[in-house]
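Here's the structure we're looking at; comments come further down.
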Ligand code: NDP
């Protein structure tokens with residue numbers, strides 16, 4: 001069996017064109033959705049992610065602002081900046097680009113963002129709302145994964161979903177969203193024994209470990225749906241996922257590539273959250 005490819009690029013394009021229509025409508029009603037990204041330092045990977053976020057925002061018609069500070073910015077000053085954007089009605093979404101310099105407490109920063117503007121969905125209020133099934137901003141990567149599954153007609157109900165990775169921004173929330181859609185969910189992590197014996201049981205396998213080639217063709221159940229979140233550089237400096245794609249596509253029924261899979265959907269869901277935040281401000 002050769003798997004069908006889930007093109008995140010294609011699905012993102014369709015979603016963005018729908019969002020552009022919604023933004024045009026909002027603008028007619030006098031609401032111009034705005035997103036501010038706050039960057040401390042000049043980490044090249046962060047700058048590259050921000051470039052993608054800017055492009056998507058501009059394509060959709062969202063007002064985009066990058067607020068960049070030197071690496072030496074104090075935590076106190078950063079919290080003050082966030083506060084000023086919490087009060088600024090031109091910006092419906094605030095994103096603080098991670099990672100932050102070591103002298104700044106990431107949790108304090110995330111908690112400072114108003115939950116109503118937390119378009120990354122990292123604030124404990126939004127995570128708690130997600131956990132209890134309430135309306136909230138979902139973190140972008142998990143939301144993008146669920147949207148891809150929905151569009152591809154993959155219903156998680158009754159299926160065994162295995163998530164490799166338990167980070168707060170990807171692994172944990174995507175498992176919860178799969179659970180909400182009635183999958184039976186297993187989490188794997190670096191302390192899991194005999195990873196392969198568990199991943200081989202997955203009808204839906206989500207891999208978010210950040211380890212190139214962690215999952216090979218032998219670790220996948222024939223016909224499984226495989227979502228590869230990983231973003232790694234191989235020995236030639238080329239972007240690759242956590243799944244050995246060429247082998248895996250011979251076993252899976254549906255699979256996301258890297259690049260062109262989860263990445264474009266993550267950025268698109270950020271735009272989606274920003275538009276949702278703007279909609280809430282309509283009188
Ligand atoms: P983290 O490093 O925060 O988490 C990695 C998780 O993988 C941890 O839970 C860790 O376990 C687990 N893990 C590590 N090694 C193994 C192993 N050998 N076997 C089983 N589990 C393992 O990463 P993130 O969740 O932030 O990101 C994961 C990957 O996804 C990265 O490559 C990142 O670049 C990418 N990413 C891609 C995005 C996109 O838009 N495409 C968005 C966000 C992330 P433990 O908890 O025990 O340490």
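The values are calculated or read from the model by the stated rules, or taken from the named source; none is laboratory data. It should be emphasised that the depicted structure is a prediction, and the values quoted were computed from it without experimental measurement. Heads up, the Cβs are rebuilt from the backbone with ideal geometry, glycines too, and the neighbour counts pull from every protein chain shown.
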| message | Show the residue pairs meeting these rules: Cβ distance below 6 Å; 6+ apart or different chains; first residue within region 195-221 and more than 15 Å from residue 242 (Cα to Cα); second residue within 10 Å of the ligand (Cβ to nearest atom) and assigned to a strand (DSSP E or B). | response | 198/188
| request: Go through 74, 48 for me and flag whichever is without any contact (Cβ under 8 Å) to a residue 24 or more places away in the chain and outside the structural domain of residue 172 (by TED's automatic domain parsing). | output: 48
| request: Just give me the residues in region 115-152 being more than 21 Å from residue 96 (Cα to Cα) and assigned to a loop (DSSP other than H, G, I, E, B), in sequence order. | output: 132, 133, 134, 135, 152
| task | Mind telling me which of the residues 171, 144, 210 ends up being crowded, with 22+ Cβ neighbours inside 10 Å and touching a strand residue (DSSP E or B) at 6+ places or on another chain (Cβ under 8 Å)? | result | 171
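Listed here are the residues, each with its yes/no results for (1) crowded, with 19+ Cβ neighbours inside 10 Å; (2) assigned to a loop (DSSP other than H, G, I, E, B); (3) at pLDDT below 95; (4) not assigned by TED's automatic domain parsing to the domain that holds residue 145.
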position: 9; (1), (2), (3), (4): no, no, no, yes
position: 35; (1), (2), (3), (4): yes, no, no, yes
position: 38; (1), (2), (3), (4): yes, no, no, yes
position: 85; (1), (2), (3), (4): yes, no, no, yes
position: 101; (1), (2), (3), (4): no, yes, no, yes
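Condition check ((1) closer than 30 Å to residue 36 by Cα; (2) touching a strand residue (DSSP E or B) at 6+ places or on another chain (Cβ under 9 Å); (3) buried (at least 20 other Cβ atoms within 10 Å of the Cβ)) across all residues:
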site	(1), (2), (3)
227	yes, yes, yes
233	yes, yes, no
239	yes, yes, no
244	no, yes, no
255	no, yes, yes
259	yes, yes, no
266	yes, no, yes
282	yes, no, no
| request: Name every residue in region 240-259 that is near the ligand (Cβ under 10 Å from one of its atoms) and in contact with a helix residue (DSSP H, G or I) (Cβ under 9 Å, 6 or more places away or on another chain), in order of residue number. | output: 241, 256, 258, 259
| query | For residue 91, are the conditions met, namely being assigned to a strand (DSSP E or B) and surrounded by 13 or more Cβ atoms within 10 Å (Cβ to Cβ)? | reply | no
